[in-house]
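The values are calculated or read from the model by the stated rules, or taken from the named source; none is laboratory data. Keep in mind that what you see is a predicted model, and the values were worked out from it rather than measured. Cβ atoms come from the backbone with ideal geometry, glycine included; neighbour counts cover every protein chain shown. Only protein heavy atoms, including side chains, enter the accessible area calculation; ligands, DNA and RNA are left aside. Shrake-Rupley method; radii C 1.70, N 1.55, O 1.52, S 1.80 Å.
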Amino acid sequence: MKMRMALSAGVYLWFLILILIPAITMVEGALSHGVNGFFAQVLQPEAVSALRLSFLITALTLLINLPLGVITALLIARRSFPGWQVVNAVVDLPFALSPVIAGLALLLVYGPNTLLGAFLQNHGVKVMFALPGMVLATLLVTFPLVVRELVPLLRQLGLRQEEAAWTLGASAWRTFWLVTLPRIRFGLGYSAVLTIARALGEFGAVLVVSGNLVGVTQTATLYVYQATENNDLQAADAVSTVLALVSFVILILMQVFKGRGEGRIS
Amino acid sequence: MTIQVTNLVKRFASGTAALQDVSFSVREGEMIGLLGPSGSGKTTLLRMIAGLDRQTAGEIRIRGQVVDNLPAQRRGVGFVFQNYALFQHMTVFSNIAFGLRVKRLGKREIQDRVMRLLRLVRLEGYEDRYPHQLSGGQAQRVALARALAPEPSVLLLDEPFAAVDTKIRKELRRWVRQIHDEIGITSIFVTHDQEEALEIADRVLVMHQGRVEQFATPQEVWERPLSPFVAGFLGDVNEGAATVRDRQVRLWGHTFPAGEFADGERVRVFVRPSDIELGPAAPDAVPAQVREAVWAGERTQVRVQLADQSTLQVSLPSDRSVDLTPGQSVSMCIRKFQIFAEA
Amino acid sequence: MAGVVCGYLLLLVVCPVGAIVRQAFSGGVGGFFQALASPIGAHALLLSCWTAAVAAVVNAVMGTCTAYLIARKHLPGRRVVSALIDLPLAVPTTVGGLMLVLAYSPATRIGGWLAAHHVNLVYSRIGIVLAMAFVTFPFAVRTVEPLLDSLDASVEEAAFTLGASRLRVFWQVLWPTLWPGVVTGLSLCFSRGLAEFGAVVLASGNLPLHTEVAPVYLYGLLENNETSGAAAVSVALLVLSVLGLVVPLCRPRQWWKRLAEPRGRRARNHARVGAARV
């Protein structure tokens with residue numbers, strides 16, 4: 001009993017230092033100048049455009065990585081082509097990549113001084129220091145999330161119900177929509193939420209490829225960084241609080257999806 | 001011939017052979033039991049007929065048509081999976097209607113047919129339940145109704161009764177047989193339970209290590225097994241080995257005629273416990289001593305020891321008036337036996 | 001389908017990473033090591049390694065305790081705690097870093113009080129560890145949790161009724177089941193800590209030769225257009241991260257077996273190792 005209490009106390013203390021105190025201080029700080037002060041900070045044009053850009057990038061990332069992630073997970077889980085092991089390993093690579101490195105890597109391939117980058121630029125597509133590059137960076141760091149969530153889930157579920165659908169005459173396409181997708185919906189929801197969280201919060205990779213132009217390529221996290229560097233803690237705090245509120249919703253959604261018994265960490 | 005399988009071979013990527021040169025054919029409306037120990041290749045065979053696995057060599061015909069290149073979707077085969085594989089996120093109604101919706105039948109027709117099937121499997125009123133709200137036996141019946149809904153030409157059942165408990169299992173298999181007779185659909189079911197196969201199949205296909213050991217009616221398989229494996233696999237059996245001398249086999253104090261076996265050949269003798277009779281000790285009969293007697297309802301299982309120290313299992317009707325106290329001397333008589341060459 | 005996926009991964013992952021490796025060795029192997037050998041760079045790499053290691057170990061211990069208390073329903077308010085564990089996953093890492101700054105910078109109440117007692121929780125090496133620990137905490141808990149769920153509490157109770165001491169129960173009953181998860185958590189925490197940028201850049205102070213970690217140093221090089229040097233540091237960091245992820249997966253069974261259960265009765269638990277791969 002004594003030991004259990006000591007253990008609990010230790011866990012609580014660690015929690016307090018690591019998560020609780022910082023979270024509370026931030027909300028408190030954001031509201032220190034009253035609700036009006038908070039809104040005045042958030043509604044500054046730079047802040048608004050930064051938040052808008054962040055949400056746009058997140059939406060695009062979700063739109064591209066969700067379907068591609070599902071396809072990749074299906075291919076890996078069902079071992080449906082030779083060399084799936086290679087794909088499986090490559091998918092994990094972004095996990096080991098520091099965001100800054102991810103940004104640098106993209107810069108080296110799609111930057112203005114490279115073959116591909118110059119070619120694209122000549123055809124009127126500016127990748128780096130523009131929206132496409134920022135989306136690309138976010139795609140890179142979030143790609144494993146969906147795949148890593150779904151592969152174990154798909155393997156655990158097995159193929160029986162799909163096979164049943166086939167013997168009943170359903171095509172591969174129909175089987176996916178009617179049988180597979182409904183079965184993985186909570187896992188998919190969980191990984192989508194993780195993707196949103198990561199995309200919205202991505203900083204290092206986007207910092208490198210964006211050029212960080214205020215009002216043009218400045219995302220919400222870049223804005224927070226800039227404001228902190230300029231010692232404008234109040235502005236940083238306000239935008240952070242908005243992001244944290246979104247995170248709060250994300251957190252609740254995560255619990256909902258996990259509560260359905262299928263969600264796991266990435 | 002509804003199903004014709006010719007020289008079917010299946011080797012896995014690892015090189016192990018799951019099926020070796022399997023051939024047989026099934027007549028219209030027959031119910032076939034695929035019987036064998038686990039790992040004998042029976043489920044693999046079933047999955048290949050359904051188009052869920054592909055054979056390495058050989059040919060499968062369904063109603064005369066070669067189906068080797070047809071995917072499962074287009075073979076017109078109904079399949080009942082071992083753990084039913086019901087769609088967990090759909091109601092009983094949607095599960096049964098699935099194959100009909102895939103066929104794009106009209107709403108009214110789907111409704112009618114599902115209701116008819118629910119009546120057939122005696123689950124009226126369950127259409128709005130989800131699979132997790134069903135008992136094992138009910139889920140089994142839904143799986144059957146779902147497989148039957150698109151009116152397949154063949155029904156395949158993979159260990160259909162394995163997951164329900166013993167009492168329901170007996171009921172269920174008689175009932176499946178009854179449904180089979182009602183619609184007259186050609187069916188193959190996989191089982192490792194010999195009692196199940198013998199009870200409801202028209203013919204039994206006994207498999208062992210990827211080969212067909214015997215394909216015959218239950219009675220024939222039981223009474224005239226073609227191989228030592230079949231003799232040993234169907235029910236309990238006493239087994240002994242001996243050498244043929246003077247065109248006779250001497251074993252357990254008995255003398256068996258050696259039949260086609262020549263002198264000096266090693267043979268194995270199989271005797272079922274129910275083919276041994278015990279009586280009061282008599283001077284001219286083979287003597288034995290009761291070691292143990294276990295009363296099990298209608299029959300009593302007795303273990304007797306012979307003069308040569310070997311023991312035999314005997315199954316007697318419990319009403320037989322023989323003194324079975326352990327240590328009691330009795331006489332023994334073997335009514336039926338099988339002799340095979342030693343492999 | 002497979003073609004689409006392979007093409008996508010080629011453009012998104014393989015080519016960029018390949019480009020980094022090529023750039024890193026553009027000056028030959030000598031140039032690569034020269035770039036790493038700069039005093040500031042070497043210090044940054046070393047600092048990254050040990051802070052990430054410390055954060056990983058602390059998290060592994062705290063995470064295992066947390067997972068245990070939650071799984072065995074001992075912790076009052078465990079539902080809230082369980083939800084809060086995921087907070088670092090949901091919050092942008094920059095916001096996480098800012099939270100730490102706002103709470104513990106010397107300008108604040110708590111930070112000021114601590115600074116007066118010569119403890120700096122931010123703008124210091126402790127700050128780096130704290131930021132890394134914040135970001136990676138969920139991994140430490142979530143990798144152990146499923147293993148604890150798979151181990152019925154009655155197994156522990158059975159050991160207690162057999163007269164085993166608390167320590168013995170932990171070492172001989174819990175640990176053999178838990179270690180794959182703990183090791184996986186440790187490796188994930190280490191790799192993620194090593195890679196972390198957003199939270200650390202805000203909370204560390206970034207003083208070269210003091211609190212500048214490798215990713216921050218890397219970013220500085222990029223700002224100054226020293227692409228080759230940046231690529232070299234990237235490759236070094238990448239190799240360390242991959243090692244951190246891969247090494248525990250390779251042959252940990254043997255050496256953990258020896259460490260955890262000298263009599264080698266662990267064989268039956270091997271089947272569970274797979275479950276720890278998250």
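A few remarks follow.
- Cross-link check: pairs B:Lys10/B:Lys42; B:Lys167/B:Lys336; B:Lys10/B:Lys103 evaluated at a Cα-Cα cut-off of 22 Å; pairs beyond the cut-off: B:Lys167/B:Lys336; B:Lys10/B:Lys103.
- Over chain A, accessible surface divided per residue gives 40 Å², non-protein components excluded, 1.4 Å probe.
- Cα pair distances in the stretch A:142-193, grouped into 5 Å bins until the bin that holds the longest one, percent each: 4, 21, 27, 21, 15, 8, 3, 0
- Residues B:Asp284 and A:Gln156, FRET efficiency given R0 of 51 Å [Cβ-Cβ distance, rounded to 0.05]: 0.15
- Using a Gaussian network model of chain B in which every pair of alpha carbons under 10 angstrom is joined by a spring, one finds that among B:Ile183, B:Ile49, B:Ile200 the greatest mean-square fluctuation is at B:Ile183.
- Chain C: most fluctuating residue of C:Ala90, C:Ala35, C:Ala195 per GNM, C-alpha cutoff 10 Å: C:Ala90
- GNM remark for chain B: springs join alpha carbons under 10 Å apart, and the peak mean-square fluctuation among B:Val142, B:Val77, B:Val102 falls on B:Val102.
- Paramagnetic reach from B:Gln305 (point 7 Å along Cα→Cβ, amide N under 17 Å) across the stretch B:256-288: B:287-288
- Taking label positions 7 Å along the Cα-Cβ direction at both C:Leu209 and A:Glu46, the computed distance is 3.3 nm, reported to one decimal.
- Test item: B:149-159 mean partner chain Cβ contacts at 10 Å: 1
- Gain in span if fully extended, B:Ser227 to B:Leu120, counting 0.36 nm per residue against the direct Cα distance: 34.5 nm
- Hull volume in cubic angstrom per residue (convex hull over the Cα atoms of the stretch B:212-333): 120
- If you sort C:Phe190, C:Phe139, C:Phe25 by accessible surface, 1.4 Å probe, largest first, the order is C:Phe25, C:Phe190, C:Phe139.
- Working note: Cα gyration tensor of the stretch A:32-131, eigenvalues times five, square-rooted, sorted largest first, giving semi-axes of 35, 23, 13 Å.
- Accessible area of B:Lys10 (1.4 Å probe, protein heavy atoms only, ligands and nucleic acids ignored): about 30 Å².
- When only alpha carbons of the stretch B:3-233 are considered, Rg and Dmax amount to 17.7, 56 Å.
- In the protein assembly as shown, Rg over Rh equals 1.09, where Rg is the alpha-carbon radius of gyration and Rh the Kirkwood radius from pairwise Cα distances.
- If the chain linking B:Arg27 and B:Gln209 were pulled fully straight, counting 0.36 nm for each residue of separation and taking away their Cα-Cα distance, it would gain 63.0 nm.
- Ranking B:Ser135, B:Gln65, B:Ile339 by Cα position along the charge dipole of the protein assembly as shown, where only Lys, Arg, Asp and Glu carry charges on their C-beta atoms, puts B:Ser135 farthest toward the positive end.
- Sites matching GluC sites (Glu not before Pro) across the stretch B:210-305 that sit in DSSP coil, with at most 12 neighbouring C-beta atoms within 10 Å: B:Glu260, B:Glu298
- For chain B, the mean residue ellipticity at 222 nm estimated from helices alone is -7500 deg cm²/dmol, where every DSSP H run of n ≥ 4 contributes -39500 (n - 2.57) and the total is divided by all residues, rounded to the nearest 500.
- Hydrodynamic analysis of the stretch B:190-255 uses the Kirkwood radius over alpha carbon pairs. Inserted into Stokes-Einstein at 20 °C and 1.002 mPa s, it gives a translational diffusion coefficient of 160 µm²/s.
- In the frame of its principal axes, the stretch A:1-67 has Cα extents of 54, 43, 12 Å, reported largest first.
- Spin-label pair C:Met1/A:Trp177, simplified geometry with 7 Å Cα→Cβ offset, distance in nm: 1.5
- FRET efficiency, 1/(1 + (r/R0)^6) with R0 25 Å, evaluated for C:Ala42 and C:Asn225 via beta carbons: 0.75
- If you sort B:Val9, A:Val239 by accessible surface, 1.4 Å probe, largest first, the order is B:Val9, A:Val239.
- Percent of Cα-Cα distances greater than 25 Å, calculated over the stretch A:34-265: 49
- Label-to-label distance for A:Val214 and B:Ser329 is 11.6 nm, based on points extended 7 Å past Cα in the beta-carbon direction.
- For C:Cys189, the solvent-accessible surface computed with a 1.4 Å probe is close to 0 Å², ligands and nucleic acids excluded.
- Rg/Rh (Cα only; Kirkwood hydrodynamic radius) as it applies to chain C: 1.03
- Loop-located trypsin sites (Lys or Arg not before Pro) in the stretch A:33-132, at most 15 other Cβ atoms within 10 Å (DSSP): A:Arg78, A:Arg79, A:Lys126
- Straight-line cross-link reach from A:Lys258 at under 14 Å between alpha-carbon atoms covers these aspartates and glutamates, not counting any fewer than eight positions away in the same chain: A:Glu149, C:Asp86, C:Glu145.
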